[in-house]
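Structure, as structure tokens:
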Amino acid sequence: MEKDHKKILSCFQTTFDELFLLESIIKLTKESCLDREVSSQYYNLPEEKKRHLSEERNNYINMLSIALDRVKNLKDINTIIEEELGCL
């Protein structure tokens, strides 16, 4: 039983490691989009293309924010399961 418990806890740690890595990747990508949008990097595009690029970036920023929320939810769920497992 103790061996199974350690194996399960090891899986939780691996899951947390993966979630933290995923969270870092999403944050870096979001920050890159935000930096380019805030600094108005449009690469000498015509106004219509600039507007389109800005809308596209904002859509990506919004989707990345949603993804970060989902990662947080998964981390919270994992924490609850891990705590409940410790009570068994």
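The values are calculated or read from the model by the stated rules, or taken from the named source; none is laboratory data. Just so you know, these numbers come straight off a predicted model, no measurement behind them. Using ideal geometry, Cβ is built from the backbone for each residue, glycine included, and neighbour counts are taken over all protein chains shown. Note: accessible area is taken over every heavy atom of the protein model, side chains too, but ligands, DNA and RNA are not part of it. Shrake-Rupley method; radii C 1.70, N 1.55, O 1.52, S 1.80 Å.
In table form, for the structure just shown:
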item: Global form of segment 38-88, assessed from the alpha-carbon gyration tensor, a/c cut-off 1.5; result: prolate
item: Within-12-Å neighbourhood charge of Glu23 [Cβ basis; K, R +1; D, E -1]; result: +2
item: For the chain, convex hull of alpha carbons as volume per residue, Å³; result: 73
item: Subset of Lys49/Lys75; Lys3/Lys75; Lys3/Lys30 violating a 30 Å alpha-carbon distance limit; result: Lys49/Lys75; Lys3/Lys30
item: Ranking by accessible area, most exposed first, for Ile61, Ile81 with a 1.4 Å probe; result: Ile81, Ile61
item: The chain: most fluctuating residue of Ser32, Ser54, Ser40 per GNM, C-alpha cutoff 10 Å; result: Ser40
item: Between helix 2-38 and the chain: long-axis angle, C-alpha atoms, 0 to 90°, nearest 10; result: 10
item: Segment 1-44: projected area of the alpha-carbon convex hull, averaged over directions, in nm²; result: 3.1
item: Per residue, in Å², the accessible surface of the chain once ligands and nucleic acids are set aside, probe 1.4 Å; result: 79
item: The chain - percent of accessible surface contributed by carbon and sulfur, probe 1.4 Å; result: 58
item: Within a Gaussian network of the chain (alpha carbon springs, distance under 10 Å), most fluctuating of Glu31, Glu23, Glu48; result: Glu48
item: Degrees, to the nearest 10: 47-86 long Cα axis against longest axis of the chain; result: 10
item: Extension gain from His5 to Glu82, taking 0.36 nm per residue of separation minus the Cα-Cα distance; result: 26.7 nm
